[in-house]
Amino acid sequence: MKERASKFAVAAAALVALLALVETAVALTAGARVAPASDWDAAAAEVRAGFGPGDLIAFAPAWADQVGRAHLGDLVTVEMAGRSDADRYARVWEVSIRGSHAPEVAGARLVKESRHGRVRVALYEKPAAHVVWDFTAHADEARVTQTPGTSPPTGGNETPCYADPGPSWRCPGSRLERRTLEIDYRPRRGILAPAESARATHLAFTEVPLGARLVVYAGIHDYYARKNGSGLVDLALVVDGKELLAARVANSDGWKRYEIDTRALAGGRHTVRFDLGATDPAWRNLGFHAEARQ
Amino acid sequence: MIRVLTRADRRLAGAVFVVALLALFAGGRTQGNSRDEGYYFDAAELYWSYYGDLVENTARLQPTKSFTRAAIERGFGYNHEHPALMKSLFGLSWRVFHKCHCPEQPGRHPLGYAKKHTTLGLLDEEAALRLPTNVLVALMAMLVYLLGAAAWSRAAGLVAATLAVAAPRLFFDAQLAAFDAPIAAMWVAVVYAYWRALDEREWGWRCGVIFGLALATKHNAFFLPAVLGPHWLFVAWQRRRLPPFRPFIYMATLGVAVYLLCWPWLWFDTVHRFREYVSFHVNHVYYNMEYFGRNYNKPPFPLSFPYAMTALTLPVTTLVLSALGSVMLVRDWLAARRDNPNAAADTGTRATGLLVGINALFPMAILTVTRAPIFGATKHFHASIPFLALLAGYAVHRLVLALSDGDAPISRRRWLAPALAVLVCAPAAAETWRSHPYALTHYNLLAGGPAGGADLGMNRQFWGYPTLGILPWLGTHARAGAPVYWHDTNQAQLNMYVRENRLRPDIVNTGLEEPGVRASDIAMVIHEKHFNKYEYWIWDFYGTARPSLVLDDEGVPIVTVYERPRK
């Protein structure tokens with residue numbers, strides 16, 4: 001019995017000692033396992049040398065984004081950083097550490113890769129979606145109005161919202177803006193359109209070229225709004241007077257994607273309107289982005 | 001059986017106190033100040049001003065002037081959602097020790113000063129304000145040693161004392177003029193006093209006084225009777241007679257008296273104000289806390305939070321030894337009962353193992369039982385750490401006993417205890433050193449360090465304290481009078497940095513939220529998941545997503561700074 005206890009003590013002490021040595025060594029050498037600025041600089045030089053118009057730069061893991069942008073921020077525009085998806089990009093430069101991969105390269109073809117110390121640079125290629133019209137980019141062309149209740153705009157019942165540079169619009173009880181939204185804690189370039197009490201808001205675009213599909217993203221902007229409000233926001237997409245999408249956007253939706261088949265409308269120019277409203281508008285900061293794609 | 005402590009033990013306890021105090025004091029020199037400290041810095045000066053007035057009024061033979069409702073409200077009205085003891089001690093320490101330049105810093109103090117204070121002039125202001133916390137935690141380490149050494153062995157006591165302080169998150173708070181480390185220290189002190197009071201009459205009233213001081217430190221202390229009561233019943237069962245009830249009587253009487261004495265705010269309108277205080281904490285606003293990738297800011301909160309956070313932030317060797325110590329304690333207790341099943345009452349027991357075990361668990365379990373909000377990462381259950389350290393100390397004690405049993409040569413017995421103690425304390429010391437000064441970003445070996453914590457989606461930090469790390473850059477890059485958006489850093493924190501000559505006084509704080517970002521030329525975001533929107537505001541208003549500076553901890557961004565591009 002005593003011998004068994006002694007064996008247990010020796011084994012336990014040996015394991016604890018081994019763990020202590022490993023933990024101490026790992027702690028004391030932690031700094032040496034961090035990618036130094038020189039590795040990032042070398043990686044950035046390679047990306048910069050090969051970067052072309054329409055390329056995307058993605059950092060992995062996501063928490064290394066700020067470090068990556070500190071080295072390549074001149075190439076990462078606000079629009080790129082706040083992209084809804086990577087569909088429009090044919091080439092993706094993945095700059096990564098710790099063996100991580102950016103979700104944007106899933107399914108893409110690896111063209112080349114290189115290591116710069118602890119930073120890996122990889123170039124991927126994939127089919128790119130041709131964007132015919134970007135509603136966020138063309139936000140300054142929108143006509144913004146409001147109507148009472150949930151009634152659709154008929155001309156006579158509309159109150160116009162006044163445009164400011166930015167672009168932004170001053171409505172009676174809210175302000176619509178093109179912004180980098182925080183939806184599901186990620187940056188999303190889009191139009192911020194807070195819901196108002198007893199009014200529906202309409203953004204109308206005329207002479208819009210359409211392709212094979214319309215891709216719409218929508219979600220609730222700002223964690224504080226998601227914490228304090230829980231109502232649903234109604235979002236409708238109307239093309240030439242015909243409703244093609246009727247969605248109800250909730251806190252839990254994140255940046256939800258809707259895809260509408262517009263092959264029947266492709267080639268021509270159309271009037272596209274976004275209608276939004278909420279029966280419980282408190283803290284309902286709707287954000288959305290839409291693209292007409294070939 | 002309880003050991004009688006010798007002079008050597010008392011010397012060792014003194015050495016533990018001195019080493020812990022020096023380590024905390026040295027660490028504090030490079031530790032950024034936190035949001036809550038900013039409020040407590042101001043409170044400390046305001047509370048001290050009350051006592052200063054009291055001394056002056058007494059000298060003029062008009063002490064009653066200091067006991068009017070108006071005088072009390074002027075002195076203690078600010079930040080009355082927490083008791084006054086620690087803020088009063090911070091103020092006293094500041095008044096005695098700080099190097100005074102107060103008249104040259106108008107607007108940077110909560111009060112105006114026409115003349116320099118006469119002080120000992122030994123410490124800068126921040127160090128003076130933080131000294132009471134340093135001292136209390138060093139005392140905690142000393143008590144942990146005394147408890148471990150008396151209950152088991154010197155090796156147990158020394159290992160426990162070291163592991164109690166060399167815990168990255170507790171060490172972080174132990175440097176600050178805040179309440180979370182002090183209440184952990186007070187918790188240990190109450191438990192120690194109660195433990196002594198089970199056999200020693202004079203510790204009964206001491207337990208009452210210390211409990212009152214604990215209540216006057218932070219509300220966590222209200223839960224102490226719920227831990228001590230069941231333990232007392234267990235001791236009664238083991239002893240087959242009731243142990244002294246004295247500690248509880250003194251806690252209910254002397255403790256409450258000390259509590260009220262330390263908190264003048266409660267002297268008027270007592271019931272209403274106490275209700276308001278309780279209501280503030282029962283209905284506390286829900287802050288944000290990222291936990292395994294999800295941001296929690298309203299109920300239901302994950303019940304696993306305190307246990308998972310402890311498992312991912314304490315040094316792994318400490319955790320393993322604590323678990324081993326718990327198993328050994330239970331095994332030894334069962335063996336003792338098995339070997340002597342018909343024994344009469346065990347009159348000598350204080351059930352030390354049980355007391356340590358339940359105190360290791362209970363501060364964490366409070367969150368589970370009360371469904372309390374989970375903000376503050378680990379700081380609300382720091383009191384678990386010294387008791388987990390004691391369990392680890394027991395494991396070392398038992399291993400040393402087993403390895404140096406009977407037949408082992410004397411030489412082996414001599415070196416074994418110190419060698420094992422040094423070995424098991426080394427990772428804790430190394431991890432604490434590694435985590436400084438960004439311990440709230442630090443995660444342990446199990447998590448994979450700060451980067452592993454970021455991979456897991458754990459809270460990056462809170463309290464806006466890492467701003468200190470960007471001040472040198474700001475000092476050289478900001479133009480004269482530069483408008484700066486400071487994000488989660490409050491004005492009181494900035495005031496202290498100016499008073500300490502760490503921040504240029506000409507740099508302007510543009511204020512909060514969107515107007516603050518719009519008005520700035522330099523803006524920062526202190527990274528927490530819910531703070532991401534502030535970075536996107538900066539992109540929109542500056543027109544760039546390119547940071548000028550990223551402050552990181554082992555590659556994990558903690559503060560990102562942007563400059564508005566020049567046109």
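The values are calculated or read from the model by the stated rules, or taken from the named source; none is laboratory data. Just so you know, these numbers come straight off a predicted model, no measurement behind them. We place every Cβ from the backbone using ideal geometry, glycine too, and count neighbours over all the protein chains shown. These area figures cover heavy atoms from the full protein model, side chains too; ligands, DNA and RNA do not enter into them. Shrake-Rupley method; radii C 1.70, N 1.55, O 1.52, S 1.80 Å.
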Exercise for the section: Return yes or no: is B:Gly452 more than 18 Å from B:Thr310 (Cβ to Cβ) and either under 26 Å from the mean Cα position of the chain (by Cα) or open to solvent by less than 30 Å² (accessible area, probe 1.4 Å) (or both)? Expected result: no
Practice task
Identify all residues within region B:523-567 that are open to solvent by 10 Å² or more (accessible area, probe 1.4 Å), part of a strand (DSSP E or B) and either closer than 21 Å to A:Pro167 by Cβ or in contact with a strand residue (DSSP E or B) (Cβ under 8 Å, 6 or more places away or on another chain) (or both); write none if there are none.
Solution key: B:Leu549, B:Val550, B:Leu551, B:Asp552, B:Glu563
Exercise for the section: Enumerate the pairs (first residue in region A:257-283 and under 19 Å from A:Ala198 (Cα atoms); second residue anywhere and open to solvent by 20 Å² or more (accessible area, probe 1.4 Å) and charged (D, E, K, R)) with beta-carbon separation below 8 Å, excluding pairs fewer than 6 apart on the same chain, so at least 6 apart or on different chains. Expected result: A:Asp275/A:Asp234; A:Leu276/A:Asp234; A:Gly277/A:Arg199; A:Gly277/A:Asp234; A:Ala278/A:Asp234; A:Trp283/A:Arg226
Practice task
Answer yes or no as to whether A:Ser168 is in the same structural domain as A:Leu286 (by TED's automatic domain parsing) and more than 29 Å from B:Glu528 (Cβ to Cβ).
Solution key: no
Completion exercise
Taking first residues from region B:544-566 that are more than 21 Å from B:Glu431 (Cβ to Cβ) and more than 10 Å from every other protein chain (Cβ to nearest Cβ) and second residues anywhere that are among the hydroxyl-bearing types (Ser, Thr, Tyr) and surrounded by fewer than 24 Cβ atoms within 10 Å (Cβ to Cβ), the pairs with Cβ under 9 Å that are 6 or more apart or on different chains are B:Glu563/B:Tyr542; B:Glu563/B:Thr544; B:Glu563/B:Ser548; B:Arg564/B:Tyr542; B:Arg564/B:Thr544; B:Pro565/B:Tyr542; B:Pro565/B:Thr544
Exercise for the section: May I ask you to list the residues in region A:5-31 that are more than 8 Å from chain B (Cβ to nearest Cβ) and more than 51 Å from the chain's Cα centre (by Cα)? Expected result: A:Lys7, A:Ala11
Problem - Condition check for B:Glu202: closer than 26 Å to B:Trp463 by Cα and among the acidic types (Asp, Glu) - result: no
Practice task
Specify which of the listed residues (A:Pro148, A:Pro153) is surrounded by 16 or more Cβ atoms within 10 Å (Cβ to Cβ), farther than 30 Å from A:Ala60 by Cβ and at pLDDT below 95.
Solution key: A:Pro153
Practice task
Determine the pairs where a residue that is under 15 Å from A:Val238 (Cα atoms), located within region A:134-153, has a partner that is among the β-branched types (Val, Ile, Thr) with Cβ atoms under 6 Å apart, the partner being 6 or more residues away or on another chain.
Solution key: A:Pro153/A:Thr145; A:Pro153/A:Thr147
Handout entry: Yes/no for B:Leu440 being closer than 17 Å to B:Phe171 by Cβ and touching a residue at least 24 places away in the same chain (Cβ under 8 Å)
Key = yes
Practice task
Take A:Gly211 and decide whether it is within 14 Å of chain B (Cβ to nearest Cβ) and either crowded, with 24+ Cβ neighbours inside 10 Å or out of contact with any Cys (no Cβ under 8 Å at 6 or more places or on another chain) (or both).
Solution key: no
Handout entry: Selected residue (criterion: farthest from the chain's Cα centre (by Cα)) from residues of region B:521-542 that are facing another protein chain (nearest Cβ under 7 Å) and not aromatic (Phe, Trp, Tyr)
Key = B:Asp540
Handout entry: Candidates A:Arg188, A:Arg199, filtered to the one that is over 29 Å from A:Tyr89 (Cβ atoms), in the same structural domain as A:His138 (by TED's automatic domain parsing) and in contact (Cβ under 8 Å) with a residue 60 or more places away in the chain
Key = A:Arg199
Handout entry: Residue list for region A:66-78, filter: in a helix (DSSP H, G or I), under 17 Å from B:Asn532 (Cβ atoms) and facing chain B (nearest Cβ under 9 Å)
Key = A:Gln66, A:Val67, A:Arg69, A:Ala70, A:Val78
Exercise for the section: Could you list all residues from region A:218-248 that are within 22 Å of A:Ala204 (Cβ to Cβ) and open to solvent by 30 Å² or more (accessible area, probe 1.4 Å)? Expected result: A:Asp234, A:Asp240, A:Gly241, A:Lys242, A:Glu243, A:Leu244, A:Ala246, A:Arg248
Problem - Unmet criterion (only one of (1) under 20 Å from B:Ala84 (Cβ atoms); (2) not in a helix (DSSP H, G or I)) for B:Leu242 - result: (1)
Practice task
Take B:Val227 and decide whether it is over 27 Å from B:Pro373 (Cα atoms) and more than 14 Å from every other protein chain (Cβ to nearest Cβ).
Solution key: no
Fill in the blank from the handout: Taking first residues from region B:78-89 that are within 17 Å of B:Ala181 (Cβ to Cβ) and not assigned by TED's automatic domain parsing to the domain that holds B:Ala43 and second residues anywhere that are assigned to a helix (DSSP H, G or I) and open to solvent by less than 20 Å² (accessible area, probe 1.4 Å), the pairs with Cβ under 8 Å that are 6 or more apart or on different chains are none
